[in-house]
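A short reminder: the numbers here are calculations on the coordinates, not readings from a lab. Keep in mind that this is a model prediction, so the values were computed, not measured. Quick reminder, even Gly has a Cβ in these numbers, built from the backbone with ideal geometry, and neighbours come from all protein chains shown.
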Ligand code: AMP
Ligand code: GLY
C-alpha cells in the first residue's frame, strides 16, 4: 500500500517511522516532509501542507492508497473532505469535526452543551464589552484566548489588569492574530498538573494512548515564552488508573458521543489537553490531531501496526482491533535553534548524528544541503527519544544521546520530566 503523509515536522517523522515498520506499507511519501523524513519516504518539499488542491493532485499522481493528514491547519481547512470527495481514503477528521480545535468559541460551547468539565468562561467580539468584563474582574491570572488557530501563540495568561487590557485590545483589533482574533474567550485560570491524552477514534469508539507530559515553555523551570513543546515524557507519572476511568466517563466518551450527535463525528486522533485541578480534571483544550512533540514520545511505545490502526479508524472498525503498548517509559528531548520561539538563524550543520545508538532521532526542522549533510531549517530542530525501564532511565538515556549531537546555537531544556516526577513523588504514585 502507498501512503502519503501530510506535514513536515517531528510528529510527521515519528508517524513515518511507525508506518514504515508495517509490512503492508510498500511505499511512503511525505509532503512537504523534511531532511529526516526524506531518508525513509520520498518527499515533495514544494507542496505546502495547507495546499489542498495541490495535495489532492499529488495523491492522485502518486496513486496513494491512503493519505495521513497530520497538522491542524489542513484539517481545519477541509483537506480530508477534499481527499474523500476525490475518492482518496484519508486519516484525520473532516473540517466539521476539526472545528473542535479550529474554534475555541465552538469548543467551549460544545463542552458546555455536553457537561464536559472545563474552565468557566465568557466570549466577546466587542472590545468595550470585554474591557468592561476585565474591569470588574478581581482575580488574576486571567486567561485570554483568541478563537482561531494562532500557531500555538493565541493564549495569553494575563497577570494583571494592564496585561489583560493589552491582550484584549491587540487581539480584537486584528493587530495580533488577524481574523483568528475576531472573537475571544476569557476564562478562569486553572491551577494544577497538565497532561496530554491522545486517542484514536473512529467516531464510535475510542482507544486512548499512554498519557504524556509536554513542556511548553522555552527554558528550564517553565521560564521563557510558550513554544510548540520542548520535551515530553510518557506515560505521565501522575495519571493514575482512577483518573483514566474518570476521564473516560466524564470527558472522552461524552466528547466523541457529543461530536457524533452534533453531526461532526470525529475520525482520527483526538488530543485532550487536561488540567488536574483540586476541583477535578478539566479540559484546557482539544486538538484535532496528534500532538507535537507528544507523538515523538508516545508512538515509540506502540506495539501494534499503526497502518492497521489507521485503516480501522477510516473504516470505522476500531473496536475490532486490540491496540498494544510497550510497558517501557519514554522521554523525548527537543533540540532547538538559539532564539526560538522568536527570531533564530538556520542553515547550521548538525553534527554527531552518526554516533546515536540508543535513541530515535526525529527531525523537526532539518534539510539536507547539497553535500548531503543535515542542516538546521527550523526553530525546533530535532526530537531525541529514548526508552527505559523507568522514566528516570528513559530521561538519562535520552540526555546521553542528546549530548552527542551539536549544531551552532543549539539549546534544549535540561529539566524535562523533573517537575512531573516530583509531583508523582509528592502524591506517592
Ligand atoms: P492552548 O493553546 O489552549 O493549549 O493553551 C496553551 C497553554 O496555555 C496550555 O497548554 C496551558 O499550559 C495554558 N493554558 C491554557 N488555558 C489555561 C487555563 N484556563 N488555565 C491555565 N493555563 C492555561
Ligand atoms: N504539544 C502541543 C500541541 O501539539 O499542540
Across the alpha-carbon set of the chain, Rg over Rh with Rh taken as the Kirkwood radius works out to 0.95
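How long are the semi-axes of the equivalent ellipsoid of segment 316-429, taking √(5λ) for every eigenvalue λ of the Cα gyration tensor, in whole Å from largest down?
Ellipsoid semi-axes (Å, largest first): 29, 19, 14.
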Can you compute log10 of I(q)/I(0) for segment 1-73 with the Debye formula, treating each Cα as one identical point scatterer, at q = 0.19, 0.22, 0.23 Å⁻¹? -0.64, -0.87, -0.96
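Using a Förster distance of 22 Å, how high is the FRET efficiency between residue 246 and residue 157, based on the Cβ-Cβ distance and rounded to 0.05? Walk me through the numbers before you get to the answer.
Numbers: r = 26 Å, r/R0 = 1.18.
Computed FRET efficiency for residue 246 and residue 157 comes out at 0.25.
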Between 306, 259, 151, where does the largest GNM mean-square fluctuation fall for the chain, given springs only between Cα atoms within less than 10 Å? 151
Name the residue, out of 54, 338, 372, whose mean-square fluctuation peaks in a Gaussian network model built on the chain with Cα pairs under 10 Å. 372
Give me the orientation-averaged projected area of the Cα convex hull of segment 170-296, in nm², one decimal. 9.2 nm²
What's the extension gain from residue 396 to residue 40 if we count 0.36 nm per residue and subtract their Cα-Cα distance? 125.4 nm
Please report the spacing between the Cα centers of segment 133-165 and segment 211-266 in Å, no decimals. 21 Å
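For residue 303 and residue 188, FRET efficiency with R0 = 41 Å and r from the beta-carbon atoms, rounded to 0.05?
In this case the efficiency is close to 0.55.
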Sorted by Cβ density within 10 Å, fewest first, the residues 363, 215: 215, 363
Just how far, in whole angstrom, is segment 85-109 from segment 277-326 if you go by their alpha carbon centroids? 17 Å
For a label point 7 Å from the Cα of residue 427 along Cα→C-beta, name the residues of segment 235-256 whose backbone N is under 20 Å from it. 235-253
When the C-alpha atoms of segment 50-171 are aligned to their principal axes, what extent does each axis show, in angstrom, from largest down? 59, 31, 21
Where only alpha carbons of segment 352-397 are counted, the Rg and the Dmax (Å): 12.9, 41
With 10 angstrom as the radius, rank 230, 335 by how many other C-beta atoms surround their C-beta, starting from the fewest. 335, 230
Residue 357 versus residue 406, label points 7 Å from Cα toward the beta carbon: distance in nm? 2.0 nm
Considering only segment 1-155, percent of DSSP beta bridges that pair antiparallel, nearest 5: 5 percent
How would 376, 76 line up from fewest to most surrounding beta-carbon atoms within 10 angstrom? 76, 376
Listed residues 84, 360, 401; largest mean-square fluctuation, Gaussian network over the chain with Cα springs below 10 Å, found at 84
Calculated SAXS-style log₁₀ I(q)/I(0) at q = 0.12, 0.19 Å⁻¹ - segment 254-355, Debye, Cα scatterers: -0.67, -1.19
16 Å reach of a label modelled at residue 415, 7 Å along Cα-to-Cβ, counting backbone N of segment 226-244: 226-227, 230-233
Estimated [θ] at 222 nm from DSSP helical runs (n ≥ 4, -39500 (n - 2.57)) normalised by residues in the chain, nearest 500: -8000 deg cm²/dmol
